[in-house]
Structure formats: C-alpha cells, structure tokens
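Take a look at the structure set out below.
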Amino acid sequence: MERYDVIVVGAGPAGLSAAIETAKCGMRTVVFDENAKPGGQLFKQIHKFFGSKENKARIRGYRIGEELLAEAERSGVKVVLNATVMGLYAQKEITVRIGDAIKHYKADNVLIATGAAESVVRFPGWTMPGVIGAGAAQTMMNLHHIRPGKRILMLGSGNVGLVVSYQLLQAGCEVVALVDAAPRIGGYGVHAAKVSRCGVPFYLSHTIVQAEGTDHVTGVVIGEVGPDWKVIKGTEQHFDVDTICLAVGLSPMSQLLKQAGCAMKDTKGGYVPECDAYGRTSMDGIYVAGDVSGIEEASSAMLGGSIAGITIACDSGYLADGSEQIAKYEKALGNLRKGMFAPENRGKKITQTEEGIAISETLLECGYVADSEIERYPGVTHMEGVHPVIECTQNIPCNPCQDVCPKKCITIGNNITALPVVDSKSQCIGCGMCVAACSGQAIFLIQEDIGDGMGTVTIPYEFLPLPEKGQIGIALGRDGQPVCKAEVLDIKSSNAFDHTNLLTMKVPRDMVMRARFFKS
C-alpha cells in the first residue's frame, strides 16, 4: 500500500488548486482522476471568465486549465489519470481501479473534489439517441471537435444552457429554440443577449412534451406550462430537430463522502457533505472543495480549492500560519459571491440594480434588452467620435473593461458588481480592447456620424469564416431580427484580443444604437 501526505480525488479546478497549495508546503501530494486528461471542466470551456484579473477574468477556461496544470507540475504534484476511485474509508484509505488492477492508497489527508454530474428530466423519448446533456455536447465540440447535431433544441436557460447554446452556434449548429419551464431566464443576461442577437428564440414557461422518433430523435414537441407546472393543452409546438440538449442543473458527486461516513445534508443544490468554510468535513482528515460541496462557478471552485489546500497544510503542521493567504482568497471568493446572482439572492425576484435602475423585464422574459429600455443604463452613452457603448445591465462581479482601457474611459470603481460607466471626459482612441476583453460580449464601439447619413458599429465577433472587408450583409438587432443592410468596413484580429475579432460595420446613422450583430 502506497502512502501520501495528501490524496486528492478529482483533477478539476478545485482539486488541482488544492494540490498546488499542499505541494508548495512540502506535502507529498497525489491527484487521481478517472479521465484521460486532467483539468476537469476547464478544458471544454472556451469562453472568457468573469471576475477580476486576480480571478483570471477575461481568460478562456482552457487556458486557465493549462496554467493550473503547469503550476501543479512545477510544484511537484503527481497526477494519475484513468484512475477511478472506487472507495473511500474512514481510515483515509482509498481503492483505485487503474486499468485492470485494484490498488490501495492511504494518506494522512484526503480531499474530495469530484465535482458534479449533469441532471436529467424525463419525458417520452428521453432515452433515445439524440438526447444529450449540455456538458456532453460541450465535450463533443470543444474537446473532440465533433458537432453534436445539426438542428438542436436547448432545454434550460441557466448559464450552462446559455453558454453551450452560443458555442453550438459557433460550431455551426442551428439552435432552433431555447426552452425553460421557468418564467424568467436563470443565467446572466449578457449570455442570453449574445444568443438572442444571433436569432435564437426563447420559449420561457415552456417545457418538452415529448421527443419524436423511433430509434433516434427526429423532432420535439414543447408546450406552455401553467402555474401548476403542467402543460396547457392546445399550446403544443413542433420543431424538426435531430438533437435535444439538456441543461437542467448539476448534482454534486458526493457518494464517496457518504461511503466514508461523513455527515451529509439535503439542500436545494443537492446532497452534500456538512463542511466548514475551509473544506473540513465531520471526519478528521477528510476535506472537500468545489462543486461536490455546492454548485458554483469554476472561479469559485479554484479559490475554494486553494483555501482547502492551505487549511490542510496548516492542520497538518506543514504551514505555521496560513491566515493571510486564506484571507486573500476569502476576499476574492466573497467578491465572486456578490451581486444579483449571489447565493442569498437565488430564487428572489430582483426589480432594480444596485444603482436603483429598473431591471429589463424584456431581458428576463425574452433574452434581450428592448430598444426602449437600453438607454436607462449608465454605460449607454452618446458622444462625438468613436466611443464605447456598454450594454451591461445586471450587477455581475466583473471588471476587465475597467482594467484594459488605456485611456480610463470606463470606470466601475471598487465595487466589482457596479454597472460600468463611460467617462465623458476621457477620449476613446478606438483600440477595441474593451470590446475584446468583455467576458459577456456586451461592449460595442459606436461612431454615430461618419457623414452621408451613416455611422459605424464595432462588435465582438467569434464565428468562422470571418466576413471580408466590403462584404454586404444584414445587421441584426438585440432581438435577432434584421434591422438594416450593413457593410463590413474592417475586421481586426490580434493576439491581445484572444480570438475575439472586432468587426466594424457601416449602417444608417439611425441604426447605430440598434445594430448588434452581422449576418452574411
């Protein structure tokens, strides 16, 4: 039986972050993961993260995964892949299946960072080929470069459903509809807005009635649900699809902790272990980090993993005092848990921003901010020359736009959840860094008058093939509907933009505040 100071189960963002901290303190640390590649969910997350630069904001998930792996290697962490942990026992012993062999390991400390599994909903036909989880679709696209289908319906409007819908569009799939039984969109409004302006319709207060087909999905029927969550007869609609994607939540994978005898509890977020803020469970020497203790974003999982790792080192006597490091991570974690989507606000109907501005009901019910609503937000301005227009309408912990602007045209202040403000006294130079850096793709550069009754709009563009200069196409509004003809004036790509291209299109002057997407 091989012994270690620390055994970590799960090589995702939380597990790797914890392992790095314990290894840096001189603890002999091993990480086991059942997958062929380490990094967990990070390597299929091609979108840019929210938060601050300390939390790796505006960096794409797979790049964060690469950084974590490199740091783990430098710190001396041993990572064992294709290793399924089958048992965890109170004596901090684990059994692991590696190939055809069952091996035993023991440690003074065990940290469980097994993450979460996708939840499902049942409806007639839900077991047919063509019904898949959103995470599975993301794996197919972003890891294996395989399109999950051609015509896809997404069920679920949380961040996972919204992000994966956009990535399906990037992969060349047609998302025919985004459906949710809830009456309001559950994820970030900026995620919904970028899906909506691509022309994807939202059907809230709707659910799937049945999947159609015999040996594979050929269609789907949805229907409107009433206050009792039952489908209202006569509201059914049919869509021809070959794939149904489910983004209906995640369930913590806490089975090992229950097996070991840890105290457990049922919560709205799933069946999780009882633990303190530092990852300690009810059993001495067994710790947790990441989604296994409650579903959050990957940024929070990394910070929680770091806190748990430092705690293990302190509890084991390898670190005399980790309070300063823990306080730094706790402050960052606290910032990520602020705003409209903070844990204490889940399920609440928020009607105003922190600044006292009325929330866009159209955004919550249809996926986009109406033209009549957009002017109320502080980032939406009118100036001479090129200037940013920031359509950030919810209090989300994120501030890269403030950091990257070389002329300090954009301010958020010390409150990371405050809505961005454009400083009219600063001169925008049109560099586009704010457009490329915005994790929610909610910033545009506008020049309201270039003569001859025309203006320009510069948008973030992450689709291939790129349009060519001089190409004539259609400008779509926030709702994804055509608003006018548009001509591509320029396409800018730069390493500094990290795969976000800046497309500048010429549109009639009265359309510069409405045109938000270019369609060839």
Over the chain: helical MRE at 222 nm, DSSP H runs n ≥ 4 each giving -39500 (n - 2.57), nearest 500 | -6500 deg cm²/dmol
Decide, for segment 176-267, between rounded, prolate and oblate: order the square roots of the alpha carbon gyration tensor eigenvalues as a ≥ b ≥ c, take rounded if a/c falls under 1.5, and otherwise choose prolate if a/b is larger than b/c, else oblate.
-> prolate
If each of residue 210 and residue 370 carries a label point 7 Å out from its Cα toward its Cβ, how far apart are those two points in nm?
-> 3.7
State the extension gain, in nm to one decimal, for the chain segment bounded by residue 1 and residue 53, taking 0.36 nm per residue of separation less the distance between their alpha-carbons.
-> 14.5 nm
Rounded to a whole number, the Stokes-Einstein D of segment 374-519 in µm²/s (Kirkwood radius over Cα pairs; 37 °C; 0.692 mPa s) is 214
What FRET efficiency, computed as 1/(1 + (r/R0)^6) with R0 = 35 Å and r the Cβ-Cβ distance, is obtained for residue 101 and residue 316, rounded to the nearest 0.05?
-> 0.75
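Suppose R0 equals 35 Å. What FRET efficiency, 1/(1 + (r/R0)^6) with r the Cβ-Cβ distance, do residue 266 and residue 464 give to the nearest 0.05? It would help to have the intermediate numbers written out before the result.
Numbers: r = 46 Å, r/R0 = 1.30.
The formula returns an efficiency of 0.15 here.
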For labels at residue 86 and residue 122 in the simple 7 Å Cα→Cβ model, what's the distance in nm?
-> 2.9
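Net charge near residue 400, counting Lys/Arg +1 and Asp/Glu -1 over other residues with Cβ under 12 Å of its Cβ? All intermediate terms of the calculation are to be shown ahead of the outcome.
Numbers: positive: 48, 53, 56, 58; negative: 54, 403, 498.
Within the 12 Å Cβ shell, the charges total +1.
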Based on the Cα gyration tensor of segment 120-246, what are the three equivalent ellipsoid semi-axes, each the root of five times an eigenvalue, rounded to whole Å and given largest first?
-> 21, 18, 12
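Once you keep just the Cα pairs under 8 angstrom separated by 6 or more residues, what percentage relative contact order results for segment 374-519?
On the way: 331 pairs, mean separation 30.0, N = 146.
Once normalised by length, the contact order is 21 percent.
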Apply 1/(1 + (r/R0)^6) to the Cβ-Cβ distance of residue 429 and residue 182, taking R0 = 30 Å, and write down the FRET efficiency to the nearest 0.05.
-> 0.10
As straight-line cross-link partners of residue 258, the qualifying lysines (C-alpha separation under 20 Å, not fewer than 8 residues apart within one chain) are 92, 106, 268
DSSP H helices in the chain with Cα extent of 18 Å or more along the helix axis and mean Kyte-Doolittle hydropathy at least -1.0?
-> 61-75, 298-315, 323-336
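Among the DSSP beta bridges whose two residues both lie in the chain, what percent are antiparallel, rounded to the nearest 5? Please report the intermediate quantities before stating the final value.
Numbers: 65 of 98 bridges.
DSSP beta bridges in the chain are roughly 65 percent antiparallel.
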Just one of (i) 47; (ii) 52; (iii) 56 is percent of Cα pairs over 30 Å apart as worked out from the coordinates here. Which one is it?
-> (ii)
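Would you mind counting up the charge near residue 212? Only other residues with Cβ under 14 Å from its Cβ, with Lys and Arg at +1 and Asp and Glu at -1. Each step should come with its number before you reach the end.
Working: positive: 151; negative: 215, 236, 240, 242.
Within the 14 Å Cβ shell, the charges total -3.
Kindly flag which residue pairs out of 328/407; 44/349; 194/348; 194/408; 78/103 have an alpha-carbon separation exceeding 20 Å in this structure. List each step's numbers first, then the result.
Working: 328/407 29 Å; 44/349 32 Å; 194/348 24 Å; 194/408 25 Å; 78/103 16 Å.
Long pairs (Cα-Cα over 20 Å): 328/407; 44/349; 194/348; 194/408.
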Sort 426, 372, 165, 205 so that the residue with the fewest other Cβ atoms within 10 Å of its own Cβ comes first and the one with the most comes last.
-> 372, 426, 205, 165
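If you add up the charges near residue 437, with Lys and Arg at +1 and Asp and Glu at -1, over every other residue whose beta carbon is less than 11 angstrom from its beta carbon, what do you get? Could you put the intermediate results ahead of the total?
Working: positive: 48, 53, 58; negative: 403, 498.
Here the count lands on +1.
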Residues in segment 18-38 near a label at residue 71, defined as backbone nitrogen under 15 Å from the 7 Å Cα→Cβ point?
-> 18-25
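FYI, it's all coordinate maths here, none of it is from the lab. Keep in mind that this is a model prediction, so the values were computed, not measured. Reconstructed Cβ throughout: ideal geometry from the backbone, glycine too, with neighbour counts over all protein chains shown.
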